[in-house]
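These notes concern the structure reproduced below.
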Amino acid sequence: MGDTLRIAIAGLGTVGGGLLKLLDGATPVGGGRLKAVAVSARDRHRRREADISQLQWFDDAVAMAREAEIDVFVELIGGSDGPAKAAVEAALKRGVHVVTANKALLAEHGLALATLAETTGAHILYEAAVAGGIPVIKALRDGLAGGNRVNAVSGILNGTCNYLLTEMESSGRPFADVLADAQRLGYAEADPTTDVGGFDAGHKIALLAAIAFGAPPDFAAVDIEGVDNVTLMDIRLAGKLGYRIKLIAKAERVDESVRVGVHPALVAFDHPLASVGSSLNAVVIDADPVGRLSFVGRGAGAGPTASAVAADLLDLLAGAARPPFGRPVADLVRQPPAARAEEGRFFLRILVHDKPGVIAAIAEQLAKAGVSIESFLQDPAEAGADVPIVLTTQRCPRGALDAAVRHIAALDVVAAPPRLMPIEDTRSGLRAWS
Ligand SMILES: NC(=O)c1ccc[n+]([C@@H]2O[C@H](COP(=O)([O-])OP(=O)(O)OC[C@H]3O[C@@H](n4cnc5c(N)ncnc54)[C@H](OP(=O)(O)O)[C@@H]3O)[C@@H](O)[C@H]2O)c1
């Protein structure tokens, strides 16, 4: 590869702009041996973070991947298909290494791209794709490669959702208001579906699960629920019981299978993830023999994300790149997906007509299913025409609770479908990291 890495950058937006600035800085990254030589974006005349007039310009990112005299193609366009995918494939086909921040592309096409890369001897690196500036891929893929068995990876992987939930709690404003503000301030996309629907966190946890468990990424198997149905009422009531609601992404081994999901969940105020506020990300890895590792930091933004891209470029320069999912494609083992959590503690909120005997009727259904109540609250402060009853359960089988909730939902006194959320149990892997 020589002394200098010749780089083409496709996409000069938030991350691409941050990278241009980093490579153009007063203290050149890698002693100046990282050298942007070609760029592509939609609009040639848009003002960029650094002077690109001396770089070769391509209107077409795929043509740049095919034709530019480069060692590495940096894909910062985004999207699981379209030009990002076509350009990455074109680069890999000619043996050009790829660095990308694109979790959607790798979570959905990672196995095919890794296979293609192997056939031509190219590398794919994507540190910036998960948790932005937090070097969690390197930690999992390289740092834990020496004989560790990863049992679980979990955390807060979408800064937009974390910001929305934090703002709802602190300002007491409903989801739609807080989202509209976040869009105005540029913290949320005009079309927020990928973030608030949990899909972005789903892409990221699919990638972490692949590396952690030595499997191909399997986005289709991720059980995903977003934050769009989290109400202010639930946030307030959870708070009164000592919990905060977070969007938790989690991949864990369950016997010989793995369970990978994204769900709003309750964390106790003294739980380590409860204090990860605003747009921060957090990742917790549980492995043997290393034990628990935890990371908190900025999961997005030009600087943190570009720094992760630069770290990948330096690994290429040093010849230190490993296979994208930690092992050669032939050694990746597809893990059977486990069912939804069979057992745990849960938060149940039921909106009822305010009539005598309601609580007894609910308690009866739970008792019949063998579900014990841990704490209970009927909050008159939330009273409208109907009144919310909230309770947390003791550890119980999910199936039994689901059956009880179906019966509760059918009671005449119940005004709306009950809301059930898991409680992140400190016993299940995320005890305080002190
Ligand atoms: N933003 C973050 O903090 C962050 C963090 C982690 C990962 N990522 C990932 O990084 C990637 C880029 O995100 P971003 O936030 O930087 O996006 P962005 O600000 O929207 O920038 C996208 C860039 O791609 C260019 N582009 C669009 N279509 C193109 C095409 N057909 N050919 C060439 N260039 C094209 C755009 O050109 P114009 O500028 O001319 O319109 C723009 O420069 C995504 O995969 C994202 O998920 C972002």
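The values are calculated or read from the model by the stated rules, or taken from the named source; none is laboratory data. Quick caveat: nothing in here was measured; it's all calculated off a predicted structure. We place every Cβ from the backbone using ideal geometry, glycine too, and count neighbours over all the protein chains shown. These area figures cover heavy atoms from the full protein model, side chains too; ligands, DNA and RNA do not enter into them. Shrake-Rupley method; radii C 1.70, N 1.55, O 1.52, S 1.80 Å.
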Exercise. In percent, what relative contact order does the chain have, based on Cα pairs under 8 Å that are 6 or more apart in sequence?
Worked result: 16 percent
Problem set entry | the range 42-51 - phi-based ³J(HN,Hα) in whole Hz, Karplus 6.51/-1.76/1.60, Gly and Pro as x | 6, 10, 5, 9, 5, 5, 10, 5, 8, 5
Exercise. So who's got an amide H within less than 5 Å of the one on L5, skipping anything under 5 residues away but keeping other chains? H placed 1.01 Å off N, in plane.
Worked result: L34, K35
Exercise. In the range 38-129, which GluC sites (Glu not before Pro) are in a loop and have at most 16 other Cβ atoms within 10 Å, using DSSP for the loop call?
Worked result: E69
Exercise. If you plug each phi of the range 249-260 into the Karplus form 6.51 cos²θ - 1.76 cosθ + 1.60 with θ = phi - 60°, what whole-Hz ³J(HN,Hα) values come out, in order, with x for Gly and Pro?
Worked result: 9, 8, 10, 9, 7, 10, 6, 9, 10, 10, 10, 10
For this session: Could you size up the charge dipole of the chain around its Cα centre, putting +1 on the beta carbon of Lys and Arg and -1 on that of Asp and Glu, and report it in debye to the nearest 20?
Result: 540 debye
Seminar exercise, completed: As a percent rounded to 5, the proportion of antiparallel DSSP bridges among beta bridges in the range 5-129 is 0 percent
Exercise. Where both partners of a DSSP beta bridge lie in the chain, what percent of those bridges are antiparallel, to the nearest 5?
Worked result: 70 percent
Exercise. Using modelled backbone amide H atoms (1.01 Å from N, in-plane), which distant-in-sequence or interchain residues come within less than 5 Å of V254's amide H?
Worked result: R259
Problem set entry | Two-site FRET efficiency, D43 against A176, from Cβ-Cβ distance with R₀ of 30 Å, rounded to 0.05 | 0.40
Problem set entry | Cut-off under 5 Å, modelled amide H: who pairs with H97 long-range | F73, H123
Seminar exercise, completed: For the range 220-330, the accessible surface attributable to carbon and sulfur atoms (probe 1.4 angstrom, ligands and nucleic acids excluded) amounts in percent to 52 percent
Exercise. Can you give the convex hull volume per residue for the Cα atoms of the range 69-170, as a whole number of Å³?
Worked result: 138 Å³
Problem set entry | Flagged links, alpha-carbon separation over 30 Å, of K93/K250; K93/K138; K21/K246; K103/K240 | K93/K250; K21/K246; K103/K240
Problem set entry | Accessible area per residue in Å² at 1.4 Å probe, computed on the chain | 42 Å²
For this session: Go through the range 72-83 residue by residue and turn each phi into a ³J(HN,Hα) via Karplus (6.51, -1.76, 1.60, θ = phi - 60°); whole Hz please, and just put x for glycine and proline.
Result: 9, 10, 9, 9, 10, 8, x, x, 6, 9, x, x
